[in-house]
Structure formats: structure tokens, C-alpha cells
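One structure below.
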Amino acid sequence: MHIRRLFFRNVRNHAETELYAASRVNVITGLNGQGKTSILEALSLCTLTRSFVASQDVALLRRGEKNMIARIEGVSDYSAPRRIEVVWSHEGGKKITLDESPAANSAQIIGAVPTVVLFPDLKAITGGPPIHRRRFLDLVLSQAKRKYLEDLIQYRRLLKQRNAVLSEARKRGKGIDAALLESWDEGLVDRGARLMYERTKFLRKFEPILRETAEEVALGADEIGVEYTPDSVAGTVDSVNEYRDTLWLRSKEVRGREVRRGTTLFGPHRDDFRMMINGGDVRISASQGQHKTLLIGLKVAEFHYLARQCAETPLILLDDIFGDLDAYRAERVYDITRNLAQVFITVVSFDMLPFLRSRDLAPDDAHYEVERGRIGTTHYGSGFTKPEKSLPNGNSRFNVPDSNSTKTVKNEA
């Protein structure tokens with residue numbers, strides 16, 4: 001997928017922004033708090049239907065405004081035009097349009113433009129608690145398989161309802177009707193078993209990809225391993241039915257404790273997976289440098305997996321990661337990602353990309369300077385071609401170069 005245009009209004013500190021994207025690397029610079037990450041959040045809102053930073057859509061809304069909009073236009077790997085628009089308001093909630101047709105839900109959008117995001121907080125995937133690794137699994141699989149996402153949505157809904165029943169029983173200090181609880185269990189177990197089976201299959205496919213990419217990004221001779229540790233399961237499980245039987249048994253074993261604690265104590269929401277370097281758990285034995293390199297390898301492997309499963313080249317968003325990397329790793333990340341796909345990078349300044357300061361802007365690259373929620377000066381490489389028409393209602397705030405020469409464009413607004 002190649003994003004040609006991004007337009008968004010009332011997102012964070014941006015009143016209205018329109019960006020014409022270069023086909024390869026798009027570097028966004030600016031001081032902290034000026035609105036760099038907001039550009040990537042607007043992209044994420046369109047491709048993943050949510051921000052990769054904020055847990056709620058309302059957190060993206062510009063202060064004092066009632067609604068926001070984000071829109072992308074681009075071309076798929078098969079040269080088909082693609083347009084996604086997300087509108088959110090207090091009154092109407094979220095409304096999504098895919099190629100001019102209203103989408104019934106997020107499941108219709110997620111995976112249409114597969115997206116790989118890397119930002120500093122994701123270091124918790126390799127070194128933090130299990131919830132961060134489950135989120136990684138869910139995001140990758142939700143983009144690769146719509147059925148997984150649908151099962152995940154239903155599982156979370158049933159889990160929330162079941163926990164409410166258990167919590168109420170705990171507050172009352174009385175037992176719970178077994179038949180009532182089992183009415184929730186049937187759907188929870190069925191969907192939970194399917195989720196766990198898909199996670200099993202995924203990690204088996206993912207491990208060899210991760211080994212290859214980890215070596216590519218500089219882990220060298222280190223042996224990388226991945227081991228799924230599903231909740232309540234001992235040994236190897238190779239079918240949905242086996243997971244289903246295991247979860248049913250576990251649901252009976254923990255029922256008394258669940259009532260006392262007021263929460264569900266079995267299922268895929270308690271899963272984890274271990275990552276190992278040379279046989280040792282990375283959470284215990286890995287150095288800081290190994291953690292960084294493994295996370296990069298994990299994200300590059302995610303890219304390759306999604307590219308194969310979705311039959312569409314993923315978009316890559318790198319938010320403020322270069323400040324945490326030494327010069328060697330920073331240049332490796334840049335070179336690897338720019339050769340894979342269209343990339344959007346945020347950094348405070350080019351001083352954080354020393355390997356670029358001595359290079360001319362590549363023909364298919366661009367540099368945007370952001371200040372106070374606006375894109376100011378924009379630099380395009382010699383290969384940049386102006387799109388045929390502006391975004392509807394885009395109200396472009398800057399001119400775009402018409403020729404194929406390298407130009408600098410100043411926002412006059």
C-alpha cells in the first residue's frame with residue numbers, strides 16, 4: 001500500500017493538516033509537543049481505527065472541538081485506489097468509510113492497510129508483563145485474519161459480562177447460580193479455544209521469521225526462540241477441540257475462587273509467550289542492547305508476516321525511536337525499513353539521524369517540519385510527483401511542487 005495523501009482535522013493540536021506523502025521515507029521533525037506523533041496517530045486512526053498511543057478516541061480530540069476527521073487516500077499493491085475516512089464526534093461516535101462505502105465495524109477496516117508501529121513504550125513487549133505480549137499477538141493476528149478479530153471482539157464482550165456477574169456475586173457475599181454462569185461459559189470457552197489455537201499456529205510460523213530478521217538487525221549468532229504458554233494448558237495442544245476441552249475443565253476447577261475474587265480466572269486473556277536468546281528468557285537474561293535489537297527484529301518479522309498473510313505491503317510507522325538507539329542500530333533500522341515499504345518517521349531533528357545529514361534527500365523521500373500543530377516547510381525529493389487532485393474538502397495549506405526537481409515548500413498559513 002502506498003499512501004498518497006493524508007488529511008485530518010481537530011486531532012490533538014492540529015486544527016487542519018494535509019500531507020502529500022512520498023513513496024518511500026517520510027521524515028517528520030519538530031520539537032516535543034509540536035504535533036509530530038499526531039500525524040502518525042491520524043494515520044493509525046485510519047488504518048487501525050484507533051491511535052497507537054491513546055486508549056480512547058476522545059483523547060485525540062482537539063480542545064474545545066466537538067468532532068474530528070482523518071482521511072487517507074492511496075493505491076494498493078494491485079494499483080487499486082483506496083480511501084479510508086474516520087469521523088468521530090461526541091454525539092455520533094465513530095463512523096468509518098472504506099472506498100466510499102460505510103463500514104459496519106472496525107473489523108471491516110483492520111487489515112485493509114496493514115500497519116506496523118514501533119514506538120518506545122513497546123519495549124514492554126520484550127521486558128514487561130504478559131499483557132503487552134498479548135496485545136502484540138492480538139494486533140498482528142487481527143490484521144492478518146478477520147475471523148480472529150471477530151472472535152476477539154466477542155470474547156472480550158463475553159468476558160466483560162461474565163466478570164460483571166462474578167463481581168456482583170462477590171459483592172453480595174452469596175454463591176452464584178451455576179446454570180447462569182455456564183450460560184456465559186459456553187461462548188467464552190468456544191471463542192477462547194479458537195483464539196488460543198490461532199495463537200499457537202501463529203507463533204509456530206512466526207518463530208523462523210523472527211530468527212531470520214533478528215540476525216538481519218544485528219543479533220548475529222544469538223539463537224532466538226519463542227514459546228507459547230497458554231493459560232491452563234500443560235503440554236502440546238494441536239486442535240481447537242483440545243483447547244475447548246481444557247478450558248471447560250479449567251472453568252469447573254476455578255469457579256469457587258472466581259466467585260471469591262469476582263473475576264474470570266481462565267482463558268486466553270491470561271496467556272503469555274516467552275522469548276528466548278540462547279535458551280534464556282529475555283526478561284531475565286537479555287542485555288539492554290539485546291532487548292532493543294530483539295524488539296526491532298520482532299517488528300520487522302511482523303512486517304514480513306503481515307505482507308504474506310494480507311497480500312498487501314504494510315505501512316511502517318516509527319515514532320520517536322531513534323533517540324534510544326546507538327548510531328549503528330539506528331542506521332540499520334533506517335536502511336532495513338526504507339527498503340521494505342513506505343515509512344513515516346518522527347524525530348526531534350536530523351541530529352538524531354546523523355547518517356542522513358551527509359546525504360541528499362533521496363528522490364522518493366520527503367521531510368516535513370512541524371511546529372505548533374502545523375506542517376511548515378516541506379522538502380521533497382526529485383522523484384516526487386504531485387497527485388492529480390486535492391483531497392475533497394482538504395483545504396490544502398501549502399503548495400506542492402509540480403516538477404520533478406527537488407524543492408522546498410513553505411507553508412504560508
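A few comments on the model shown:
- Members of the stretch 71-94 that are among the small types (Gly, Ala, Ser) and within 23 Å of ALA307 (Cα to Cα): GLY74, SER76, SER79, ALA80
- Selected residue [of a type in the set (Ser, Thr, Tyr) and more than 29 Å from CYS46 (Cα to Cα)] from SER142, SER183: SER183
- ASN163 meets the conditions (1) under 15 Å from HIS269 (Cα atoms); (2) at pLDDT 95 or above in every case but one. The failed one is (2).
- Considering the conditions (1) out of contact with any Asp or Glu (no Cβ under 6 Å at 6 or more places or on another chain); (2) modelled with pLDDT of 95 or more; (3) in a loop (DSSP other than H, G, I, E, B), GLY192 is excluded by exactly one of them, (3).
- With respect to the stated conditions, GLU198 fails to be touching a residue at least 12 places away in the same chain (Cβ under 8 Å), surrounded by fewer than 20 Cβ atoms within 10 Å (Cβ to Cβ) and not aromatic (Phe, Trp, Tyr).
Residue by residue, here is whether (1) surrounded by fewer than 21 Cβ atoms within 10 Å (Cβ to Cβ); (2) of a type in the set (Lys, Arg); (3) out of contact with any Ser or Thr (no Cβ under 8 Å at 6 or more places or on another chain) holds:
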| residue | (1), (2), (3) |
| --- | --- |
| LEU247 | no, no, no |
| ILE284 | yes, no, yes |
| SER287 | yes, no, yes |
| HIS291 | yes, no, no |
| LEU298 | no, no, no |
| ALA301 | no, no, no |
| ILE316 | no, no, no |
| GLY323 | yes, no, yes |
| ALA327 | yes, no, yes |
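- Qualifying residue in the stretch 209-229 (condition: within 19 Å of LEU152 (Cα to Cα) and either more than 26 Å from the chain's Cα centre (by Cα) or buried (at least 16 other Cβ atoms within 10 Å of the Cβ) (or both)): yes
- Among the residues of the stretch 43-76, those that are surrounded by fewer than 18 Cβ atoms within 10 Å (Cβ to Cβ), out of contact with any helix residue (DSSP H, G or I) (no Cβ under 9 Å at 6 or more places or on another chain) and in a loop (DSSP other than H, G, I, E, B) comprise SER55, GLN56, ARG63, GLY64, GLU65, LYS66, SER76.
- Flag if LEU158 is free of Cβ contacts under 8 Å to residues at least 40 places away in the same chain, buried (at least 16 other Cβ atoms within 10 Å of the Cβ) and part of a helix (DSSP H, G or I): yes
The values are calculated or read from the model by the stated rules, or taken from the named source; none is laboratory data. These numbers come from a predicted model, not from an experiment. Every residue, glycine among them, receives a Cβ derived from its backbone with ideal geometry; neighbour counts consider all protein chains shown.
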